[in-house]
Each structure stands twice: as C-alpha cells, then as structure tokens.
1. Restricting to helices (runs of 4 or more DSSP H) lying wholly in the range 187-303: which have 2 or more residues that are within 16 Å of ligand 1 (Cβ to nearest atom) and either hydrophobic (A, V, I, L, M, F, W, C) or touching a residue at least 40 places away in the same chain (Cβ under 8 Å) (or both)?
2. Among what's in the range 212-244 and is under 21 Å from Ala168 (Cα atoms) and touching a Ser or Thr at 6+ places or on another chain (Cβ under 8 Å), pick the residue that is farthest from ligand 2 (Cβ to nearest atom).
3. Six or more apart or on different chains, Cβ atoms under 6 Å: show the pairs whose first residue is in the range 114-131 and farther than 22 Å from Asp97 by Cβ and whose second is among the charged types (D, E, K, R) and within 12 Å of ligand 1 (Cβ to nearest atom).
4. Kindly indicate the residue of the range 34-45 that is open to solvent by 20 Å² or more (accessible area, probe 1.4 Å) and either within 19 Å of Gly105 (Cα to Cα) or of a type in the set (A, V, I, L, M, F, W, C) (or both) and also nearest to ligand 1 (Cβ to nearest atom) among those meeting that condition.
5. In the range 103-130, what residues are assigned to a helix (DSSP H, G or I), under 14 Å from Met45 (Cα atoms) and within 16 Å of ligand 1 (Cβ to nearest atom)?
6. Which residue, of Val96, Val91, is more than 23 Å from Glu226 (Cβ to Cβ), away from ligand 1 (no atom under 16 Å from the Cβ) and not in a helix (DSSP H, G or I)?
7. Of the residues in the range 51-88, how many are within 16 Å of ligand 1 (Cβ to nearest atom) and surrounded by 13 or more Cβ atoms within 10 Å (Cβ to Cβ)?
8. Can you name the residue in the range 158-177 that is open to solvent by less than 10 Å² (accessible area, probe 1.4 Å) and within 16 Å of ligand 1 (Cβ to nearest atom) and is also nearest to Glu206 (Cα to Cα) among such residues?
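The values are calculated or read from the model by the stated rules, or taken from the named source; none is laboratory data. For clarity, every value in this text was computed on a predicted model and none was experimentally measured. Please note: Cβ atoms are built from the backbone with ideal geometry, for glycine as well, and neighbour counts cover all protein chains shown. Note: accessible area is taken over every heavy atom of the protein model, side chains too, but ligands, DNA and RNA are not part of it. Shrake-Rupley method; radii C 1.70, N 1.55, O 1.52, S 1.80 Å.
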Amino acid sequence: MKHFLSFEDYSKKDILEIIQIARKVKAEMKSGIKIPHLQGQVLGMIFEKSSTRTRVSFESGIYQLGGHGMFLSSRDIQLGRGEPIKDTARVISSMVDMIMLRTFGHEKIEQLAENSTVPVINGLTDLCHPVQVLADYITILEEGIENPVISYIGDGNNMTNSLIIFSAKMGFRIQVATPKGYEADSKIIQKALDIGADILLTNSPEEAIKGSNVVITDTWISMGMEDEKEQRLKDFDGFIIDKNLFSKSDDNSIFLHCLPAYRGYEVSEDVIDGDRSRIYKEAENRLHAQKGLMVWLDQKRKQ
Ligand code: CP
Ligand code: NVA
C-alpha cells in the first residue's frame, strides 16, 4: 500500500502512471462514459484549513468514480479538540477506504499515514502541495509542452517545494526566484540536488523567467501567515509577474497559478486574465488528477 504525501517517495514511473490514468479517466468523462472505478468506496476528507478547489475536486471526484466523499472539518471532529492523530487515524481508517488531509505541519500527515490502514493523500501541508502539481503537469501536457522549463517566482512555499522535487524527479529544468529570506525548504533543495536536479535558485525574477515556457507563481501570504502580511508586501516588492516581466519568458509561454490568486500582488490582472493564462484549465485538472491518483492508489493496494 502506498500513501501520497510528497513526491520524495515517488519515482518518475509512478508519476507517469498516475498521469496516464488521470488522462484516461478525464477522456472517459468528457465522452460521457461513466466507469465506477472506485464503486462503493469512501474517502474521508479532513480539513484543518480552508479550501475551495481541493474540497470540491475530491468530493466530486470520488462521487464520479462511484464512491462517496465525507467532509470532516477539524472544527467539528474531535481532532480539533485535541484527540491524538494516532487515534484519529486508527479509527477513521477502520471505516473508510482512503483519507485525504489538509493541515499545517507536515509531521501531522506523516503521523496520520503511519497509523492509517488505508492510503493517505496530502491535500496540502505547510511543506508541500503535490496534488496541485499533478494537475499543473496535466495542464502543461495538454498545451503540448513535453519538456517544460518552469519558472517559479514568488514565495518559497509549499508549491515551490513540490515543484522543485517534482521537476527533479521528472528531469525538468526549474528556475526559482524568491526574495532573500523566503527561499524554498533547504532539505527539499538538497534532496533535489542529490537526485541531479537541473535547477537555478536566484533572487532575481528577471533571471528566473528567461528561457521559460511555463511561468508559475502563488500567493505571497499562505494560509497561516496572515500576521506577516505587512512585512511580506514590503519584502516581495519587485516580484509581481506583470506584463513586462512575463514578456521576458518564451513567446509561447503559459501562466499557471494554483489559486486562490491576489491580483495586483503576486500577479497583475493583465497576465492572470490574459490569453496565455491557463488557470481555469489548471483548476479543472485538479478533479482529473486526483481521480487518477485515487484509482492508482487503489490499484497499488490490491497488487
Ligand atoms: N489550489 C488549491 O489547493 O486551492 P484550494 O485552497 O481552494 O483548495
Ligand atoms: N501556498 C498556498 C497554497 C494555497 C492552495 C497556501 O498554502 O495557502
């Protein structure tokens, strides 16, 4: 049985298998074919942070596969009142077929997985957001970009970490610009370098965007960092992806953002709402990517 906590535990082969299933399930859905790949299965979805896309895509996804999604807010379950994660994991996994967790510290999802008898999926932690990157990659492939050169400009956060480790595993070049003091996780960077990452780490957005065909950013103020907003807005001055900066990427480059986006901060309106932005396609692909992931995890469990 496999969990899906981070790309660190995944090979290129694993990732390609998930993507292949996701694209097949997407094609089936688009042509009106309904195959209940996960008939009767229940996905427990624990949220300790807000969500629009992750919640809707997992809940719709498991339903479309013939199963049922159970939304569990930490505000309502005993976990939020201090019940140990170990007990939560043992109990919930005795009643459902898969668990998705969105939480703060990554160690919490590791503890959940250690104590769960069913596959655990990371729906975002402070350290990484791998399900988002699966959807990003499907979007990139659908644009006919087989060998992406990815620029990530902004905060070195959970998205950055997942993009770095994903790119290293896939053999893609990634160029990351963050302000000083806002770099990606040093252990993730080291792991990426250990597996031969083709990576540029810089404090210059101009340097990071040059030669790229996929330009990505994310909010400067991730969930849980609201108190740092004032300081961050000062420190991220010059990091907005506006028309001028975007024009320094390849002529046919696309723009991606996991959303929610804050227009006028990390990205200007004319770029995010411009003709090279693929944000809504990317958001829709969350549904297909996660359906592929759940089917793959189910196959692994049965092998
Ligand atoms: N991109 C993403 O995970 O969005 P939500 O926070 O709305 O789930
Ligand atoms: N980095 C953002 C991603 C939101 C989907 C956050 O953690 O809030």
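1. Correct list: 279-302.
2. The selected residue is Asn213.
3. From the range 114-131, no pairs qualify.
4. Of everything passing the filter in the range 34-45, Val42 is nearest to ligand 1 (Cβ to nearest atom).
5. The answer is Ile109, and nothing else.
6. Only one candidate passes the filter, namely Val96.
7. Number of matching residues: 16.
8. The qualifying residue nearest to Glu206 (Cα to Cα) is Thr160.
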